[in-house]
1. Quick one: net charge of B:F375's neighbours, Cβ under 12 Å, K/R +1, D/E -1?
2. Quick check: Cα centre of the stretch A:199-248 to Cα centre of the stretch B:227-300, how many Å?
3. Go through B:K205/B:K232; A:K183/B:K282; A:K292/B:K489; A:K288/B:K489; A:K485/B:K162 and tell me which ones have a Cα-Cα distance over 32 Å in this structure.
4. Starting from a label point 7 Å past Cα on the Cβ side, list the distances from A:W319 to the same position in the other copies, nm, shortest first.
5. Rounded, prolate or oblate: which fits the stretch B:30-88, taking a ≥ b ≥ c as square roots of the Cα gyration tensor eigenvalues, rounded meaning a/c under 1.5, else prolate when a/b beats b/c?
6. In square angstrom and rounded to 100, what buried accessible area do you get between chains A and B, total over both, with the probe at 1.4 Å?
7. With the Cα gyration tensor of the stretch A:264-414 giving a ≥ b ≥ c as the square roots of its eigenvalues, does the rule (a/c under 1.5 for rounded; else a/b larger than b/c for prolate; else oblate) give rounded, prolate or oblate?
8. Give the residues of the stretch B:249-283 whose amide nitrogen is closer than 12 Å to a point set 7 Å from the Cα of A:E11 in the direction of its Cβ.
Number of protein chains: 2
Amino acid sequence: LDYQHVQVPFEITLWIMLASLAKIGFHLYNKLPSVVPESCLLIFVGLIMGGIIYGLNDRSPPVMDSDIFFLYLLPPIVLDAGYFMPSRPFFENIGTILLYAVVGTIWNVFGIGFSLYGICQVKAFRLQDVSLLHNLLFGSLIAAVDPVAVLAVFEEIHVNEKLHILVFGESLLNDAVTVVLYKLFRSFCEMPTIKSVDVFAGVGKFFVVGLGGVLVGLSFGFTAAFTTRFTKDIRVIEPLFVFLYSYLSYLTAEMFHLSGIVAIISCAMGMKRYVEANISLKSHTTVKYFMKMWSSVSDTLIFIFLGVSTIGENHEWNWPYICFTVIFCLIWRALGVLVLTFFVNRFHVNTITSKDQFIIAYGGLRGAICFSLVFLLPDFHRKKLFIAATTVVILFTVFIQGMTIRPLVDLLAVKRKRESAPTVGEQIHIRFLDHLLAGIEDISGHWGQYYWKDKLEYFNSKYLQKILLREYDQPKSSIVLLYEKLERKHAIELAQAGQLGHGPAHPSFLCSAFLCSSSDRTVRADQKSEDALNPDVLDNMQEILARNLYRIRRTGPAYNRHTLPGDSEPTEQAKEILILRHTNL
Amino acid sequence: LDYQHVQVPFEITLWIMLASLAKIGFHLYNKLPSVVPESCLLIFVGLIMGGIIYGLNDRSPPVMDSDIFFLYLLPPIVLDAGYFMPSRPFFENIGTILLYAVVGTIWNVFGIGFSLYGICQVKAFRLQDVSLLHNLLFGSLIAAVDPVAVLAVFEEIHVNEKLHILVFGESLLNDAVTVVLYKLFRSFCEMPTIKSVDVFAGVGKFFVVGLGGVLVGLSFGFTAAFTTRFTKDIRVIEPLFVFLYSYLSYLTAEMFHLSGIVAIISCAMGMKRYVEANISLKSHTTVKYFMKMWSSVSDTLIFIFLGVSTIGENHEWNWPYICFTVIFCLIWRALGVLVLTFFVNRFHVNTITSKDQFIIAYGGLRGAICFSLVFLLPDFHRKKLFIAATTVVILFTVFIQGMTIRPLVDLLAVKRKRESAPTVGEQIHIRFLDHLLAGIEDISGHWGQYYWKDKLEYFNSKYLQKILLREYDQPKSSIVLLYEKLERKHAIELAQAGQLGHGPAHPSFLCSAFLCSSSDRTVRADQKSEDALNPDVLDNMQEILARNLYRIRRTGPAYNRHTLPGDSEPTEQAKEILILRHTNL
């Protein structure tokens, strides 16, 4: 037995396997996921696992490594979020989202930091040694809403699209603010004196970190799109480029201390439309599927590890500090949302209702990012207190808020997501109105979002598409693509319905008629021979053959290393079958 | 700049990126791959890269880590090979393949080992310090034909299926023999005295290593199939299980010193038919696509690393030893093939022609497995000589033999692979003949391959399918599945042809008619209004609408974390469109 040799990949594979099996387990009991969010169940599994490890080894189970979290577990989730981001509601609400993400987060950081400092001054709590800077540092890591936790909960409660994108967008974009404030306070903690120039430099960093992330992401995204222009002969590695370039954008941003999350989201959103047009349909299915799969596994692993890491002796249980942290997190977020929404509503026709405000405030879940950041803190004597407080805040928000948000949404009758997606007719009207509004803005001289969107589209079709798309003869609009997709889908359904609707073409008939199934060879002896030669059956067979055998049908080519069975010269055969079927009808 | 932090994933991503871009580069020039095999080009790229690294750093570039090779690069290739293995020719020729893989490899090991020992006795070469055991150890690592190299070359020359499977099957299954002999001689080298019981234990190990690998593989394969029974509600992680279980089978086998290659191949071949029946069509596309992608990248990386590792100062250039190694490798393989084929042909009606024998002998390419094994040797003073000899043998076989095998196949007019795959009619006849032969064998009391195949099928349908398949109402035979696949494919072609055949449905028309493309908004001013209101165009529009708009068409649901847009209640809509289209015709 040589376990040492295979240990690393073996244990990684086993963890992923555990996560996947846990997921299957939950879905076997249909009632469970409708009551308790999956994230809670996974943390619970993690707690049990951690307890077992603790019980067996009699020492704290391993905590989630912050490097592993930031380098390997987080990127797939953010990539998935960015790639499948509904871009229309996102860009329509970008102003509000940025306000919540930047101003709201700063508000929360300072609010929580200063109030906790106030608590520390109470002598009875014995916390006087926690300085203001340490409280602000703690505030900077505990204030940020976590995209992973938000996604996990909001996916299941189906609130309306605007509300969803406000909370989700905030949780993604506050990364830039969190990175800056966290690093700023951490460096302040280690500095002997703080000059005012350092504070101003910190403010300047916001823009560098955020905009730098966007720039890095977009440049990698466009490079990815450009690369997929040349993959026509080697379809099999197309999906790889989507993953490689996105990941590189994240790593590059992290390397330059920019916001990796912002970078990977920009990369995914930037490349999506061009990559989709360049790569084959099967590559695209693979990209989408693998993204979902990867993010799903990452997400599961994060929650399980969160549970495992909670068990152990890393905590200092100073309950006043911990309780006040939870309370301040709730209060300052609620206040922040109220104040910011008041300003937002003054400038918008389509206001955010008070019910929506409540859900935005209540949906401010904390998760694995806080957890990883608190472990990355430099060692000082109160680190274990911060770890305990962070753990409690995460468990409180994920369990209590996560489990009660669904009943609250029902109770308050918050506007839900439309059950059905917009019809093609609606989409055409929306598109038409967009053009109309762009025209009105142009004439009235108001440079609003429609004006800029139109300019961007013009730039896109004039320059970008020519560089990034392989077949730039006629740009296909999204509605034409949708039409083609629906046609394809219905054709498949047609084939299935044709099989289901016409008795004789049913597989079981084919089986018995052609002796094709080897398993029914064993029951062949029981079949009466007149059954197989029944004139009705023969007629049916002839009918099937007349309808379907227009030419010798070829199966795909045999084993080939670098390609999957492709579709060669399809149109001729398809036309032939079309003509034959029509003459038969 | 914080490069240290992201170094590991960043460099891995960059290497994969380099490999993928190199692949794209080769395929841009269509003529190049038809003359030089891709493997040679990749080694060449690696040599250049290695030269650059050597030139810049003035020290040897890093050699390919054997652990990385065996744990991360080899499994995807072998999994791909096993999953897409054409099982019929493989099992038809399993006897011959095993003979080549086991007896042939042993023959080569001892042949090369003893002859090189003879060379070492020549005083002029100054090699008298290389013992017989060291020569045999070297023989054991240099004798094995490499599956990666064989696949890379044989994929491109399209010889007939039997010849292909003989060489390829041998290269895969000789792993068990190589593992045993290599470890045996290595432990002998470190033992003071060798007892005869050790030799017999070594012989017994063959069976343990080979059959153990098969058992481990099959058990993981069946577990994988069983797991996919329960993934109906969570389609997105289905592909994961295929990869996880295969990889676990490989790692488990390696852990117990069994043959990992044999294990992963058994696992892939065992699970394939059940997994395919259980998982959704899109999951299956993803599995296939990702396997191809992964193996393709691994393969590329291996050849590039092979090139990079060649550069440097790890070599001792004793040319007599190196030249004789190459010569003996060629001679002993040719002799082995001749002798073994002589016996094989005596017992088979369908004999292996002398042309085929030549290609089998000539196609014995060595590759990265030898290379990794030679670096794993314990340190002794002649290790650099062995490294040099291995490098030369690999480069000789991949470059000289790999580049000349295609012209030789042309020159000898070796029987090629059928251009077209067998038709459905042929397949039905083959199936019928199988049943017939099984019956004849049963009656005549001859327990041949058809008898056993039939027994296995019976066992499969009676027990295995009931346990491993989710929907065990009626087992679909491969021909019914093929029929369904063809129906689906033709339906898609029908949709495309319908669009292409009928002028008005052309995308560009839709564009201009519906103002749907935002890019043509910019040229809208140029369009004459009577053009859009042309009665012909209006008629065409009405025709399209009458043909296609049977009901409000719904697009997929909006963003959802865990699922891709699915297909709900398709048959009703499909029937409706069917009826509407038929009434229109």
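The values are calculated or read from the model by the stated rules, or taken from the named source; none is laboratory data. No experiment lies behind these values; they were computed from the predicted model shown. Don't worry about glycine lacking a Cβ; one is built from the backbone with ideal geometry, like all the others, and counts go over all protein chains shown. Note: areas computed on protein heavy atoms with side chains; ligands, DNA, RNA excluded. Shrake-Rupley method; radii C 1.70, N 1.55, O 1.52, S 1.80 Å.
1. -1
2. Cα centroid to Cα centroid, the span is 31 Å.
3. B:K205/B:K232; A:K183/B:K282; A:K485/B:K162
4. Relative to the other copies, A:W319 has label-point distances of 8.6 nm.
5. Taking the square roots of the gyration eigenvalues as a ≥ b ≥ c, the stretch B:30-88 is oblate.
6. So the buried area, both faces added, is about 13500 Å².
7. Taking the square roots of the gyration eigenvalues as a ≥ b ≥ c, the stretch A:264-414 is oblate.
8. Nothing falls inside the zone, counting backbone N under 12 Å.
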